[in-house]
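One structure below.
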Amino acid sequence: MPPITDLSAALGKSPEPAPLGLRLLFRPDEAIWDGRFADNAWLLELPRPFTRLTWDNAALLAPETASRLGLDTEDVVRIGTGHGQVEAPVFVLPGQAENCVTLTLGFGRRAGGLGVGVGYDAFRLRGGADPWSAPATMFIRTGERFPLAEGQGQDRVEGHKDLIREGTLTQFVEQPEKFIQERERKSLYPEFAYPRHAWGMAIDLNSCIGCQACVIACQAENNVPTVGREQVLKHRLMHWLRIDRYYRGTPENVEFAFEPMPCMHCEKAPCEAVCPVHATVHDHSGLNLMVYNRCVGTRFCSNNCPYKVRRFNFFGYAAEQERAPQSWNPEVSVRGRGVMEKCTYCLQRIRHAVIESEVAQRPLADGEIVTACQQSCPTQAIVFGDLNNPDSEVARRKASVLNYVLLEELNTRPRTSYLALVHNRNKPTAGEGS
Amino acid sequence: MTVAIDPPGDPPIIQPGVSLHSLSTEISFRVLSPKAPLWWWVGFSFGFVLFLWLLVAVSWLFANGIGVWGVNIPVAWGYAIAEYVWWIALASGGTVISALFYLTRSPWRAATNRIAETMLLAAAACAGVMPILHLGRQGLFYWLFTYPNVMGLWPQMRSPLWWDFTCLLCYVLMSLMFYYVGALPDLATVRDLARTRFSQVFYGLLALGWRGTARHWRNHKAVYGTMAAIMAPMVISVHSVVGLDYAGGLTPGWHSTQFPPFFFFGAVTSGTAIVIILTILVRWGYSLQDVITEYHLNALAKVMLVGSVMLSYAYFWEAWGLVYSSDLATRLEFYHRMFGFTAATFWVEKVLSSIIPQLLWFPAVRRSPVILLLISGGIIVGMWLERYTFTISGLMHNHVPSWWFEFHPTFWDWSTLFGTVGLFITLFFLLLRFMPIVSMSEVREMIDKADSK
């Protein structure tokens with residue numbers, strides 16, 4: 001393809017002006033696409049990368065546009081074009097272009113299974129001539145509110161700057177040692193010994209694009225149940241792995257950071273110390289594991305988990321799933337009501353590989369164990385392996401100056417660590433502010 | 001009286017005219033009378049209906065799971081734990097009055113300690129059910145016991161929950177024994193005054209053959225004094241361990257060494273408040289103005305004032321400690337507790353349990369039953385709000401803002417709260433009806449001392 005010399009000519013003539021100053025953009029949904037996956041509970045309940053919304057679609061508005069129109073997230077608006085009208089809840093998304101309303105397709109279905117009645121149908125607003133955008137001829141607030149089931153609480157790090165460590169490429173080239181996270185904390189308690197394996201995970205924030213593939217992979221691998229919109233509204237999402245999305249910068253010029261959050265498998269795990277019945281324990285290769293049969297459901301472990309990666313079966317979610325028996329992974333226990341659960345680093349895969357290597361009487365090779373999240377990551381942001389093997393990919397990543405752990409000040413010594421974000425921003429062009 | 005705790009002109013500790021005989025017959029009559037007064041039926045019915053509603057709420061909970069409540073992740077502890085702390089604090093306050101002030105030989109204790117102990121038992125029953133209801137798998141609560149079992153497993157002894165479970169168990173058993181041992185001479189009095197065959201046998205069995213010999217009295221004094229000497233420090237440790245349930249956690253706002261005493265101060269304040277309320281009501285209902293005088297109200301109000309001042313001191317430290325703390329999460333949590341989701345309950349709680357009780361500095365307030373009722377009621381509500389705010393806010397404003405979610409109680413949360421109030425009223429009214437509500441033996445001792453002076 002020849003290089004495009006004139007971008008505006010390549011994009012065609014600019015669209016006709018919108019009467020209300022609002023232009024509707026029709027886009028496929030990140031999870032259910034044009035609706036072809038609308039009956040899939042996993043995808044319906046998947047928090048979307050930017051909005052973190054589950055189950056329903058919303059009309060995405062920029063903060064400035066929303067404040068100009070006097071609208072806030074969850075306000076219901078009636079949107080109309082020459083082709084039809086729909087009612088949709090507003091979601092204010094920083095980074096959205098001003099005066100543009102993004103509407104996602106594939107929702108509001110009238111036939112099918114689970115997807116029936118979920119969200120609103122943006123196809124009704126769409127015309128054949130200009131299928132991807134239309135001027136809004138009606139955009140009025142109905143006065144109603146519609147609660148949106150969000151998979152995230154606060155959108156910013158609220159002072160916890162070290163949750164996302166970052167710097168610029170210049171800083172990285174000139175003073176890489178500035179990235180090193182200081183870790184000099186000691187513990188009164190004796191250290192564990194790991195004569196064979198010591199599992200660990202490293203997640204490169206520079207590679208993570210927030211696509212959520214790992215979340216679904218984890219859900220499929222580990223028999224993680226879906227809970228439904230009502231339960232998401234009650235903050236009972238069950239995903240063992242989530243991808244936190246944080247806004248940085250001003251609402252007009254926002255940056256997003258994505259941070260996958262599996263269990264950290266802390267070396268000094270706060271959850272282990274508080275379980276009164278030994279239901280969460282440290283294993284001989286550093287994993288922090290749940291013994292489901294032993295759990296009585298005090299939930300103290302979740303209170304004590306600073307990363308909030310533990311999930312509780314407030315109801316018998318798994319028992320209520322309507323799905324084909326063969327869709328469950330036979331290698332993973334299905335958890336019952338009243339039991340805590342969490343990421344195991346795909347223990348079943350670890351055991352499988354270790355047993356294979358023992359049967360064949362050969363050492364376990366690096367990369368032989370691949371966790372579900374790692375396997376599904378399109379950018380290879382997630383690496384898992386044995387920290388006792390200094391040549392393993394995960395050990396090499398952890399040796400990087402960029403390596404850091406979350407909430408280091410708590411001295412939990414997580415086995416999941418992160419590589420700090422390094423930004424290589426464009427230099428401001430003439431006329432732009434710095 | 002020999003002990004002067006107020007300037008001259010104090011109301012008498014026992015009204016003149018109360019004799020050894022009149023006291024015994026008066027108090028025993030309440031127990032042996034075949035008919036209960038109308039107010040008893042009204043109060044008992046009210047409590048019993050609420051208690052039945054608790055049974056409905058608990059059945060619903062067992063049938064459907066803990067999800068019927070508003071708890072979530074991150075706020076995995078909600079009303080059940082707040083209520084547990086609230087009830088056990090009320091019970092602990094009762095122990096302070098009956099055990100600690102027995103050791104100090106405070107003259108006002110004699111007429112009020114049985115009310116405090118009766119309240120204690122009812123409140124401890126309410127407290128005891130909450131941690132079990134709160135479990136995800138309630139039927140397996142006994143796994144917290146240290147008992148020999150085929151699984152070859154013991155509880156995990158680093159967990160504050162296990163300490164708490166053990167302490168609570170000891171405390172409840174000890175309280176029952178303390179109540180019973182203290183009531184033995186009175187049960188014998190009731191037995192002796194009983195006229196029907198049934199009550200003679202019933203109270204006769206309960207009295208364990210008490211004949212009031214010098215040897216009986218000597219043993220009784222020794223046992224009771226020893227138990228009081230154990231109970232007084234025990235109640236401090238029990239409630240401190242409740243504080244450790246929080247302090248032992250890594251949650252922002254909970255993780256501080258000040259909470260064991262903080263919780264104990266709260267227990268003294270709220271426990272005294274409920275004793276004051278019940279004392280005033282029982283005094284009215286049973287017309288015991290001669291035995292329970294303004295002297296008692298004054299003394300109890302002073303204890304409550306001391307508790308409130310200590311509590312205010314703890315509040316002050318909770319805030320002041322953060323001024324020089326370097327822990328960002330804790331500071332953020334406290335900021336949001338004061339001005340965020342829990343702001344209303346935070347400030348109302350401070351006004352009710354710390355500011356309004358300062359009125360008790362005025363002697364006239366301390367002797368006015370109506371004002372005392374209002375202040376005490378405010379403290380009890382305030383202390384509930386405190387436990388709620390403390391539990392919710394710490395969990396909500398945790399270390400990762402992405403998982404800061406609000407807590408909203410459900411209908412079943414409220415049902416459990418008011419249901420346990422029903423359980424409390426039911427138990428208290430039953431004990432009020434069938435057990436002597438004033439320690440006759442101890443008041444007789446006081447009358448005797450006063451007469452022989």
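The values are calculated or read from the model by the stated rules, or taken from the named source; none is laboratory data. Keep in mind that what you see is a predicted model, and the values were worked out from it rather than measured. Positions of Cβ are generated from backbone atoms using ideal geometry, with glycine treated the same way; all protein chains shown enter the neighbour counts.
Flag: residue B:294 does not match the condition of being more than 14 Å from chain A (Cβ to nearest Cβ), surrounded by fewer than 23 Cβ atoms within 10 Å (Cβ to Cβ), closer than 30 Å to residue A:153 by Cβ and touching a residue at least 40 places away in the same chain (Cβ under 8 Å). Of all residues in the stretch A:154-172, those being in contact (Cβ under 8 Å) with a residue 24 or more places away in the chain, within 9 Å of chain B (Cβ to nearest Cβ) and either of a type in the set (S, T, N, Q) or touching a Lys or Arg at 6+ places or on another chain (Cβ under 9 Å) (or both) number 3.
Taking the stretch B:37-47 as the region of interest, how many residues are of a type in the set (Gly, Ala, Ser) and surrounded by 15 or more Cβ atoms within 10 Å (Cβ to Cβ)?
Qualifying residue count for the region: 2.
Just to be sure, is residue A:62 in contact with a Cys (Cβ under 8 Å, 6 or more places away or on another chain) and surrounded by fewer than 23 Cβ atoms within 10 Å (Cβ to Cβ)? The answer is yes for residue A:62.
Screening the stretch B:87-206 for helices (runs of 4 or more DSSP H) wholly inside it with 3 or more residues that are within 14 Å of chain A (Cβ to nearest Cβ) and acidic (Asp, Glu) returns no ranges.
Within the stretch A:313-329, the set of residues being at the interface with another protein chain (Cβ under 8 Å from one of its Cβ atoms) and within 27 Å of residue B:397 (Cα to Cα) comprises A:313, A:314, A:315. Within the stretch B:207-240, being more than 15 Å from residue B:183 (Cα to Cα) and either outside any helix (DSSP H, G or I) or in contact (Cβ under 8 Å) with a residue 40 or more places away in the chain (or both) holds for B:213, B:229, B:230, B:231, B:232, B:234, B:235, B:237, B:238, B:239. One residue alone among A:362, A:335, A:310 is among the basic types (Lys, Arg) and more than 14 Å from every other protein chain (Cβ to nearest Cβ), and that residue is A:362. For the stretch A:377-391, the condition of being within 14 Å of chain B (Cβ to nearest Cβ), under 24 Å from residue A:222 (Cβ atoms), part of a loop (DSSP other than H, G, I, E, B) and in contact (Cβ under 8 Å) with a residue 40 or more places away in the chain holds for none of the residues. Only residues that are over 16 Å from residue A:125 (Cα atoms) and outside any strand (DSSP E or B) were counted in the stretch A:64-92, giving 11.
Might you check whether a residue that is at negative phi, out of contact with any Cys (no Cβ under 7 Å at 6 or more places or on another chain), within 14 Å of chain B (Cβ to nearest Cβ) and part of a helix (DSSP H, G or I) occurs anywhere in the stretch A:410-424? Yes - at least one qualifying residue is present in the stretch A:410-424. Residues that are in contact with a Leu (Cβ under 7 Å, 6 or more places away or on another chain) and basic (Lys, Arg) were ranked within the stretch B:360-413; the one that is surrounded by the fewest Cβ atoms within 10 Å (Cβ to Cβ) is B:367. Every condition in (1) more than 28 Å from residue B:360 (Cβ to Cβ); (2) more than 14 Å from chain A (Cβ to nearest Cβ) holds for residue B:341 except the one numbered (2).
Just checking, which of A:73, A:65, A:137 is modelled with pLDDT of 90 or more and in contact with a strand residue (DSSP E or B) (Cβ under 6 Å, 6 or more places away or on another chain)? Even if it seems obvious, please write down each step before you answer.
Values: A:65 fails: in contact with a strand residue (DSSP E or B) (Cβ under 6 Å, 6 or more places away or on another chain); A:137 fails: modelled with pLDDT of 90 or more.
On inspection, the qualifying residue turns out to be A:73.
Filtering the stretch A:283-302 to residues that are within 12 Å of chain B (Cβ to nearest Cβ) and either in contact with a helix residue (DSSP H, G or I) (Cβ under 6 Å, 6 or more places away or on another chain) or at negative phi (or both) leaves A:291, A:292, A:293, A:294, A:295, A:296, A:298, A:300, A:301, A:302.
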